[in-house]
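Engineer: This is the structure, below, for whatever I ask next.
The values are calculated or read from the model by the stated rules, or taken from the named source; none is laboratory data. Since we're looking at a predicted model, the values are computed, not measured. Here the Cβ positions follow ideal geometry from the backbone for every residue, glycine too, while neighbour counts run over all protein chains shown.
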Amino acid sequence: MRAIFLSLCLWLAIGIANAAEPDEVLADPALEERAKAIDMQLRCVVCQSQSIAESNAPLAKDLRILVRERISAGASDQEVIDYIVERYGSYVLLKPPVQGNTVFLWVFPAFALVIGALGVFLVLRNQKPTVAAKDDLSDEEEAAVQRIIDERG
């Protein structure tokens, strides 16, 4: 019971930690939900592996405020995203579009997987069996093996 309670408290604390700060929250819940959805699509350019919704960096806070200002001004979700991409480049998107400069990001994982599988196949194909041939045993060893087989059989 105690573990469940502690897990629940931790889960609530994480939710609070990822929430926008009070000075960033929009009064209209529908607009705030739109802003949160956009925040989850944008990368914190300081942290690089977090969205701006998850980051505590000052730049992420500035971006969250900018998102809310643009939404309050009547911009659509795509217009807000386009505005931020225009300022920071497509790197700011957590899922960058397939373009000439991002094709490597999309193709490399599949390419690496194919090359790795080919390498494993070639290594396994070129391995020789390690079973010792009968000719490798001396007469004494062969007699000992035969005695063991006879005892068990």
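Engineer: Please determine whether any residue of the stretch 38-61 is in contact with a strand residue (DSSP E or B) (Cβ under 7 Å, 6 or more places away or on another chain), assigned to a loop (DSSP other than H, G, I, E, B) and polar (S, T, N, Q). Before you say what the answer is, go through the steps one by one.
Structural biologist: So in the stretch 38-61, the residues in contact with a strand residue (DSSP E or B) (Cβ under 7 Å, 6 or more places away or on another chain) come out as 39-44, 51-52.
Retained after the next criterion (residues that are assigned to a loop (DSSP other than H, G, I, E, B)): 40-41, 44, 52.
With polar (S, T, N, Q) added as a condition, the list becomes 41.
Yes, the stretch 38-61 has at least one match.
Engineer: Separate question: Taking into account only those residues within the stretch 15-42 that are surrounded by fewer than 10 Cβ atoms within 10 Å (Cβ to Cβ) and among the hydrophobic types (A, V, I, L, M, F, W, C), which is modelled with the lowest pLDDT?
Structural biologist: ILE16
Engineer: Quick check: anything in the stretch 91-98 surrounded by fewer than 14 Cβ atoms within 10 Å (Cβ to Cβ), closer than 26 Å to MET40 by Cβ and touching a helix residue (DSSP H, G or I) at 6+ places or on another chain (Cβ under 7 Å)?
Structural biologist: yes
Engineer: Let me ask something additional. With the structure loaded, tell me whether LEU63 is surrounded by 13 or more Cβ atoms within 10 Å (Cβ to Cβ) and within 25 Å of the chain's Cα centre (by Cα) or whether it fails that test. Steps first, answer last, please.
Structural biologist: On the way: surrounded by 13 or more Cβ atoms within 10 Å (Cβ to Cβ): yes; within 25 Å of the chain's Cα centre (by Cα): yes.
So LEU63 passes the test.
Engineer: Does the stretch 43-51 contain any residue that is on the phi > 0 side of the Ramachandran plot, surrounded by fewer than 11 Cβ atoms within 10 Å (Cβ to Cβ) and at pLDDT below 75? Give the derivation first.
Structural biologist: So the first thing to find is which residues in the stretch 43-51 are on the phi > 0 side of the Ramachandran plot, and the list is 48.
Keeping just the survivors that are surrounded by fewer than 11 Cβ atoms within 10 Å (Cβ to Cβ) gives 48.
Now narrow it down to the ones that are at pLDDT below 75: 48.
Looking for residues that are on the phi > 0 side of the Ramachandran plot, surrounded by fewer than 11 Cβ atoms within 10 Å (Cβ to Cβ) and at pLDDT below 75, one finds at least one in the stretch 43-51, hence yes.
Engineer: Inspect the stretch 65-86 for any residue being among the basic types (Lys, Arg), without any contact (Cβ under 8 Å) to a residue 24 or more places away in the chain and more than 24 Å from ASP28 (Cβ to Cβ) and give the result as yes or no.
Structural biologist: Within the stretch 65-86 (the criterion being among the basic types (Lys, Arg), without any contact (Cβ under 8 Å) to a residue 24 or more places away in the chain and more than 24 Å from ASP28 (Cβ to Cβ)), the answer is no, since none of the residues qualifies.
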